[in-house]
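These notes are about the structure you will find just below.
What follows draws every value from the coordinates through simple rules; no lab data is involved. All values reported here derive from a predicted model rather than from experimental measurement. Positions of Cβ are backbone-derived with ideal geometry, glycine not excepted, and every protein chain shown enters the neighbour counts.
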Amino acid sequence: MLVGAIVGFYWAAWLAHGVLSSQLASADEGRDFTVIGTVDNLPYRFAQGARFNFAVERVLDGGGAAGTPPPVPARVPPRIALSWYAGFRDQVTEVGDVQPGERWQLTVRLQRPHGNANEYGFDYEAWLLEQGVRATGYVRPHPANRRLDSFVFSASNLIEHGRAALRARILAALPDKPYAGVIVALVVGDQRGIDQSDWKVFTNTGIGHLVSISGLHITMVAGLFALAAFTLWRHSFFTRAQLPLLLPAQKVAALVGAAVALFYVLLAGFGVPAQRTLYMLIVVAVALWLNRIASVSHVLCTALGVVVLLDPWAVLWPGFWLSFGAVAVILYSTVGRTTLRQARGAPGAADASQPGAPTWGARCWQALRVGAHTQYAVTLGLVPLTMLLFGQVSVVSPLANAVAIPLISLVVTPLALVGSMLPLPMAGFVLGLAHLLVEWLTICLQWFSGLRFAVWRAPTPPLWLFCWTMFGTLWLLAPRGWPARWLGLATWIPLLAAEPSHPDPGRMTVTAFDVGQGMALLIETSHHRLLYDTGPSYGPEINAGGRVILPYLRARGIASLDGMIVSHSDADHSGGALSVLDGLRVDWVLASLMTNHPIMEAARRHVRCAAGQAWTWDGVRFEILHPLGASYADASLKPNARGCTLKITAGGKSMLLAGDIEALQESQLVLRDRERLRADVLLVPHHGSGTSSTPDFLQAVNPAVAVFQVGYRNRYQHPKKEVYERYGELQIQRLRTDQTGALTLDFGQTIRIASYRETHARYWYGR
């Protein structure tokens with residue numbers, strides 16, 4: 001085991017070194033250059049353009065903007081991720097119809113991999129590392145952009161081209177259908193076309209594993225083909241060839257099943273659950289061909305070993321643990337305990353024609369009991385793991401899966417597969433039937449999801465509590481006769497009944513999220529929580545509220561907020577507000593918005609912010625310093641000028657949240673409330689723009705720490721160089737969320753600051 005651990009460590013390190021060695025040089029970030037290569041995956045099209053991976057073959061001299069040839073980069077990664085936008089800097093541009101396997105010449109601008117770094121958030125940089133992508137960027141408008149070849153042959157390009165053709169057939173057969181993305185996911189594993197609202201329903205009901213090419217679907221399809229091959233070979237294709245004398249039908253069935261599974265997994269995009277199923281089927285097939293007995297534990301461990309050998313980063317993702325965990329729980333709770341029992345007095349052979357043998361009805365009943373026991377084991381066995389990964393567990397999952405598993409696995413998936421390969425008139429009917437069944441199922445799932453206690457949420461447990469609960473769960477699922485199995489449930493009490501952590505009375509904790517170019521901070525006192533701004537909107541359905549804030553709050557077990565302040569209407573401050581209001585209870589909203597603004601209309605209670613408003617929570621003082629109430633009558637003011645400015649004081653230490661106020665508002669505050677501006681920590685106004693952070697204002701605030709909430713290489717170039725240097729000249733500690741990730745500031749007698757990228761250091765974070 002020691003040798004295996006050492007070899008595994010160096011193997012993973014060697015693979016990581018190989019990927020990181022192709023990193024884009026820092027000096028090449030933000031430079032325009034021309035590349036030739038092939039579209040390397042299934043492109044994703046959205047309202048603003050398209051995204052795809054690009055395999056770089058070579059870099060050309062020249063091709064820069066404005067007729068100036070850009071310098072050739074010192075090193076271009078062999079695989080990059082590109083976006084091609086329909087609009088660029090208020091100019092409408094045409095997006096090329098990129099398809100897998102095509103060779104293109106493109107003028108692009110690249111940067112090193114970078115993602116938002118927040119606790120309990122998605123690690124985009126690790127995901128890019130696993131994909132072998134070492135630079136991201138976008139296609140620049142340029143006459144040189146053109147398709148060079150319609151298809152470049154390679155095995156991967158052929159697979160991706162086939163996936164694209166199947167997706168196009170499905171979308172053509174189901175135009176403007178709301179659940180066409182679900183059908184696409186079942187056939188080619190591309191889940192990007194499923195709406196976020198539908199994903200919420202699937203997650204809350206615990207059937208998300210079915211809305212893709214799961215191990216269950218692969219096993220079913222492989223089993224059907226294996227059964228057909230076994231039957232045809234056993235009967236020599238209904239000829240007199242006597243094929244079983246040449247090769248046993250079992251071996252033929254195993255070979256066909258493994259080949260079909262491989263084909264289906266390639267369609268699925270080779271995800272971890274699909275890999276696990278494929279390797280397990282291959283191990284069984286190889287054992288059968290070699291006349292060996294394959295132990296189920298050996299089959300599972302061999303598949304596990306192959307997955308981590310080929311992809312050490314697979315262990316970073318929930319799908320890895322859920323996939324292998326589910327199979328391990330099923331094997332632990334069923335192997336040797338679910339054989340069909342014969343009726344009393346039956347002969348040794350289980351022949352239905354013999355007296356006393358189980359009838360077909362009895363066999364169906366026994367199979368139903370086995371299925372129910374398996375679902376029971378999986379539901380209970382994955383509770384600790386689900387709480388560790390997501391901080392929630394679906395209470396209605398057993399009922400939802402009882403309906404969804406047979407419908408999707410046995411009816412919808414076969415219809416989707418057959419329909420995707422039929423000619424268009426017939427495909428429309430078959431795929432339309434599959435879509436209708438998904439639509440009916442979703443209506444049922446929406447009812448399940450709407451139940452009051454559909455989802456149980458609690459804080460993500462520490463590792464020791466997870467291990468203790470997992471021990472109790474294994475005790476609970478032990479074989480019949482094991483003493484006091486019900487005691488295993490007692491270990492769940494601290495897991496499910498845990499309360500969110502909170503500061504002591506008189507103290508406060510401020511979390512400045514890394515949301516890119518925008519603002520979002522969570523302020524916590526002993527018994528209250530306030531959200532100041534909600535981050536930017538990233539797209540029509542994607543924003544910081546749903547991507548960053550809600551996952552963090554749910555992982556912490558926070559089910560409600562006492563208040564939310566939206567400083568002003570700019571999208572980088574208010575973009576996530578509606579998602580937050582929809583995702584949890586918010587008692588009131590304080591904002592500088594008009595009363596007919598969608599955020600104000602969605603709030604349970606809303607109030608306009610105005611100087612003079614103040615309240616105290618648990619010994620912590622909150623004061624609104626800006627804007628004046630009379631400013632709302634001035635229609636000429638920009639939203640920035642009315643930004644809600646908040647000062648918070650706890651334990652003798654204070655923080656000033658200045659929103660996006662600019663020089664004029666800063667001077668007004670200095671004249672009106674100079675003494676009250678004094679703060680130990682300053683949330684830098686307007687992200688450090690050149691129109692804010694005036695010297696007089698900084699001298700009045702006199703902070704020891706300045707927090708810059710900015711996006712990595714943002715288009716506004718915030719913070720401006722002269723402003724950033726101004727803070728340095730005043731000996732103010734400068735913290736930038738694009739460099740530190742999320743910041744946690746603990747206020748008491750002193751101020752303790754922790755940055756996510758330091759406390760959760762990873763080798764792929766290195767700059």
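Quick one: Ser636, Ser197, Ser526, Ser214, fewest Cβ neighbours within 10 Å first, how do they rank?
On the way: Ser636 5, Ser197 11, Ser526 15, Ser214 26.
Ranked by crowding around the Cβ, least crowded first: Ser636, Ser197, Ser526, Ser214.
To make sure I understand the rule: partners must be lysines, Cα under 28 Å from the Cα of Lys647, and not fewer than 8 residues away in the same chain. Which ones qualify? Reachable lysines: Lys638, Lys720, Lys721.
Between the C-alpha center of segment 485-549 and that of segment 134-148 there is a gap of 39 Å.
Extension gain, Leu637 to Glu675: 0.36 nm times the residue separation minus the Cα-Cα distance gives 11.1 nm. On the principal axes of its alpha-carbon atoms, segment 685-741 has extents of 29, 22, 15 Å, going from largest to smallest. Alpha-carbon geometry of segment 439-542: the Rg and the Dmax are 20.4, 59 Å, given in that order. Using DSSP, restrict attention to beta bridges with both residues in the chain and report what percent are antiparallel, rounded to the nearest 5. In the chain, approximately 75 percent of DSSP beta bridges are antiparallel ones. In units of the compact-protein estimate 2.2 N^0.38 Å, segment 23-152 shows a Cα radius of gyration of 1.03. For segment 185-268, the equivalent ellipsoid derived from the alpha-carbon gyration tensor has semi-axes of 38, 10, 9 Å in decreasing order. No disulfide-compatible partner, judged by a Cβ distance under 4.7 Å, exists for the following cysteines of the chain: Cys301, Cys364, Cys444, Cys467.
Each of Ile558, Ile405, Ile648, Ile6 was scored by other Cβ atoms within 10 Å of its Cβ. Arranged with the fewest first, they read Ile6, Ile405, Ile558, Ile648. When DSSP beta bridges are restricted to pairs lying wholly in segment 508-759, around 60% turn out antiparallel.
Using the rule -39500 (n - 2.57) for each DSSP H run of four or more residues, divided by the residues of the chain, the 222 nm mean residue ellipticity is -12000 deg cm²/dmol. Treating r as the C-beta distance of Phe270 and Ser236 and R0 as 35 Å, the FRET efficiency rounds to 0.45.
In degrees, nearest 10, range 0 to 90: what is the angle between the Cα axis of helix 424-449 and the longest Cα principal axis of the chain? Its long axis makes an angle of about 60 degrees. Shown for Val182, Val7, Val395: other C-beta atoms within 10 Å of each C-beta, ranked fewest to most, produce the order Val7, Val395, Val182. Here, segment 367-438 has an Rg and a Dmax of 16.5, 48 Å when only alpha carbons are counted. Only aspartates and glutamates eight or more places from Lys177 in sequence, or on another chain, were considered; those with a Cα closer than 15 Å are Asp195, Asp198, Glu439. Take every DSSP beta bridge whose two residues both sit in segment 678-767; close to 40 percent of them are antiparallel.
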